[in-house]
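Take a look at the structure set out below.
The values are calculated or read from the model by the stated rules, or taken from the named source; none is laboratory data. None of these values were measured; they are calculated from a predicted model. In this analysis, Cβ positions are derived from the backbone assuming ideal geometry, glycine residues included, and neighbour counts consider all displayed protein chains.
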Amino acid sequence: MILPEGSAPEARLLLIGRALRAFADGFVAVLLPAYLLALGFGTWEVGFLSTATLLGSALATLAVGAWGHRFHHRRLLLAAALLMAATGLSFAGLSDFWPLLGVAFVGTLNPSSGDVSVFLPLEHARLAEAAQGNARTALFARYSLTGALCAALGALAAAVPDALAGLGMERLAALRAMFAAYGAVGLAVWLLYRRLPEPAPHERAAPPAPLGASRGVVLRLAALFSLDAFAGGLVVNALLALWLFQRFDLSLAAAGHFFFWAGLLTAFSQLAAPWVARRVGLLNTMVFTHIPANVLLILAALAPTLPAALALLLARAALSQMDVPTRAAYVMAVVTPAERAAAASFTAVPRSLAAALGPSLGGALFAAGWLAVPLLACGGLKIAYDLMLWASFRRRSVPQ
């Protein structure tokens with residue numbers, strides 16, 4: 001895996017870990033609604049359990065932001081990897097709703113298209129230390145690209161249960177095996193992150209610290225990010241898959257192929273993000289690629305046929321995530337180095353908390369038969385977020 005020039009060697013381990021986790025997240029996001037439906041639950045339960053996963057991730061990330069500076073990132077990443085392993089194995093072995101809900105709340109399942117887990121602020125903080133200036137933006141883009149590509153491959157793996165069922169395995173058992181595979185990925189990430197170096201005290205330029213001088217700008221960003229995340233929570237990948245299942249009777253294998261191609265488009269668009277950001281700035285890249293993506297989502301909600309809906313959603317995928325690496329680089333650039341772990345956490349927490357509200361609401365709207373409403377609301381709210389973000393920060397200079 002080729003790193004941007006000037007990046008520290010440990011960045012390669014972080015990118016590999018992101019790849020493994022994204023692959024697992026890719027198939028889990030598609031299989032989660034199918035698994036819950038196979039267990040006998042309805043659309044509302046799918047949305048409620050997705051809410052629990054996001055809410056639990058938000059609280060864990062908040063804990064990292066508030067107290068994580070007392071521990072080295074390596075220890076927290078190893079603990080998160082073990083939690084991922086326990087989450088997958090527990091989900092594979094449980095059938096009742098309330099135990100599943102508890103595991104979803106404390107575990108690391110990700111029903112969305114992005115990374116909302118406790119891994120995110122920890123990996124961001126280490127990546128920010130591994131490069132400077134334009135190299136940092138390129139490294140975050142590589143991180144996001146790796147995640148998007150591997151999530152796309154993971155979405156293809158969502159067809160495995162159907163293939164196993166065709167070979168004679170009971171379908172529910174095949175679905176359980178995929179969640180056990182998710183747990184195995186967690187163990188692989190734990191083994192990988194054991195190789196991360198723990199720098200000696202004299203090598204640390206500044207110890208991690210809670211928010212201080214940058215508190216004001218971080219809180220403003222967090223408030224705006226929460227609106228974006230709430231909107232995104234209405235159409236997380238698990239609910240988008242559910243929408244395709246219910247609106248167009250799409251098969252599990254076909255849904256996996258759609259998310260594969262959407263993930264590829266997302267990945268390649270993130271390659272362009274640093275190039276665009278060098279020319280128009282981080283903020284403009286975030287805003288002016290996001291607005292047309294959400295117009296396409298609104299049009300997809302109103303599309304009369306499956307081909308039209310898929311075409312619009314794929315076009316959206318080519319634009320909707322270009323803000324991810326630039327957003328991460330922007331946050332890391334506007335705070336002091338010692339505040340980076342706390343800033344990553346305190347901008348991620350409101351996103352996760354707000355996103356946690358969306359799936360329950362989206363699932364309830366689906367259950368009521370209002371299939372287009374979550375997509376329309378998502379697109380409209382995200383456009384409002386883009387405009388407010390640009391108006392609030394367009395005059396702020398960004399240090400390298």
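Observations on the structure shown:
- When residues of region 277-302 are limited to those that are small (Gly, Ala, Ser) and buried (at least 18 other Cβ atoms within 10 Å of the Cβ), the one nearest to Phe258 (Cα to Cα): Ala300
- Taking residues in region 362-381 that are more than 11 Å from Leu240 (Cα to Cα), and partners anywhere that are β-branched (Val, Ile, Thr), the pairs with Cβ atoms closer than 6 Å and at least 6 places apart or on different chains are Leu365/Val373; Ala367/Thr43; Leu376/Ile298; Cys378/Val235; Gly379/Ile298.
- The numbered conditions (1) crowded, with 24+ Cβ neighbours inside 10 Å; (2) not in a helix (DSSP H, G or I) are all true for Gly369 except (1).
- Hey, Leu221 touching a Lys or Arg at 6+ places or on another chain (Cβ under 6 Å), of a type outside the set (Lys, Arg), crowded, with 20+ Cβ neighbours inside 10 Å and assigned to a helix (DSSP H, G or I) or not: no
- Identity of the residue in region 319-366, among the β-branched types (Val, Ile, Thr) and either at pLDDT 75 or above or over 12 Å from Phe225 (Cα atoms) (or both), that ends up farthest from the chain's Cα centre (by Cα): Thr336
- From the options Val335, Val331, residue that is within 23 Å of Leu120 (Cα to Cα), outside any helix (DSSP H, G or I), among the aliphatic types (A, V, I, L, M) and touching a residue at least 60 places away in the same chain (Cβ under 8 Å): Val335
- The criterion of at least 2 residues that are more than 23 Å from Phe260 (Cα to Cα) is met, among helices (runs of 4 or more DSSP H) falling completely within region 96-192, by 97-106, 119-130, 133-156.
- Lone unmet requirement of (1) surrounded by fewer than 22 Cβ atoms within 10 Å (Cβ to Cβ); (2) modelled with pLDDT of 85 or more; (3) of a type outside the set (D, E, K, R) for Tyr385: (1)
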